[in-house]
Every structure is written in structure tokens, then in C-alpha cells.
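Derivation of every value follows stated rules applied to the coordinates shown; laboratory data play no part. This one's a predicted model, so the numbers in the text were calculated from it and none came from an experiment. Don't worry about glycine lacking a Cβ; one is built from the backbone with ideal geometry, like all the others, and counts go over all protein chains shown.
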């Protein structure tokens, strides 16, 4: 039991690092202060593979690293300024996103179909948090905030949700069969 918990904490830290690495896959958009990043894919993978508790913990570790100044956010940014700036709502939204994705697959089953549904719900949560904060932080109208913070991310967000689900379930099955993580979370 103790070794299993230690193993899960190590994997949780590994996923915090994976989120930080994929955050650097960043494509700036000329009409939005929010870039397209690999963070959302990493969040989906973490929650799909680790479940609600450890998936959410990996996101919290990632955010704490960034908050204390480690350059883990998109564009090698770090510090509290990133959390209160225009993209801060997306970053904070990753916490409930990871929890809901993990909770959904734990509740309904670790299948590709359920993981796709969970990751699409997670995408909506991230976009809702991010857009609401973007409106406030950048002093935008709702229509401008939605145009800059939701519309450009919908299609690619669905692609990343499906990818996180398919890869996440496959990796989870392999880790469980290799006894590197419990079959239930």
C-alpha cells in the first residue's frame, strides 16, 4: 500500500513535468492574447490516466511550480503575474477540468468513449473559466472574449480531447497491466 502510494506520487510529479513540457508547445494567435498550447492535451492525459485525485494533484503541483516562478507556463512564463493575467483563468480552470475528467472516467468507466466525453466536458470547463477571466482581465466585452477565448480553440480542442482519451486509455491499460499503477484509483 505504501509503495503504491509512493509510486502514484512519483507518477503525479512526472505528469506535472509533462504538463510543463507540453505547455511549451505554443502557437500564438494574432487576434487573441491566448495561444494554442499543448497544456490542455497534457491535462486530459493526466486526468484520464491518473483519475481525479492524482490527475488534479498533478495540475496543482504544476500551477504551484509556475506560481513560485518556475518557467513552466506557455512561453517559459512563470510567477503569480501569469495566474492573474489574461490567460490566468485557463490555468486556474485546469484544476476543475482535471478533477471532472478524472471523476467522470472513474464513475462511468475507463473506456475510450467515456474518456472522450470526459475530455470534451473538460475542454468546456477550461474554456468557460478562461473566457470569463479573459473578459475581466483584458476588459473585453463578452462577444470579444468569446471570439478571442473560445472560438479559435473549439475544433483543435475536440481533436486534443479525442487524442487525450485514446492515448490516455491505452497508456492507463499498459501501466495497469505492468502493475505500475492500480487498476482502480
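For region 91-110 versus region 43-68, the spacing of their alpha-carbon centroids is 10 Å. Spherically averaged projected area of the convex hull of Cα atoms, region 92-161: 4.5 nm². Averaging 1/r across all pairs of distinct Cα atoms in the chain and inverting the result yields a Kirkwood radius of 16.2 Å. Secondary-structure-derived ellipticity at 222 nm for the chain, considering helices only, amounts to -25000 deg cm²/dmol, per-run term -39500 (n - 2.57) for DSSP H runs with n ≥ 4. Once the Cα atoms are used to define both axes, helix 112-137 deviates from the longest principal axis of the chain by about 30 degrees.
Relative to the longest principal axis of the Cα atoms of the chain, the long axis of helix 39-67 makes an angle of roughly 50 degrees. Each peptide in 51-61, 160-170 gets a packing score, the mean of other Cβ atoms within 10 Å over its residues, and the list from highest to lowest is 51-61, 160-170. For the pair residue 14 and residue 60 in one chain, pulling the backbone fully straight at 0.36 nm per residue adds 15.3 nm over the alpha carbon distance.
Which order do peptides 114-124, 94-104, 37-47 fall in by mean Cβ count within 10 Å, highest first?
Working: 114-124: 22.4, 94-104: 24.4, 37-47: 27.4.
Ranked by mean Cβ neighbours within 10 Å, highest first: 37-47, 94-104, 114-124.
Remark: region 1-52 is approximated by an ellipsoid whose semi-axes, taken from the C-alpha gyration tensor as √(5λ), come to 30, 10, 6 Å, largest first. Show log10 I(q)/I(0) for region 1-99 at q = 0.11, 0.12, 0.17, 0.18 Å⁻¹, two decimals, from a solvent-free Debye sum over equal Cα scatterers. Log10 of I(q)/I(0), two decimals: -0.30, -0.35, -0.68, -0.76.
The relative contact order of the chain, computed from alpha carbon pairs under 8 Å that lie at least 6 residues apart in sequence, is 24 percent. In degrees, nearest 10, range 0 to 90: what is the angle between the Cα axis of helix 88-108 and the longest Cα principal axis of the chain? Orientation of helix 88-108: about 30 degrees from the principal axis.
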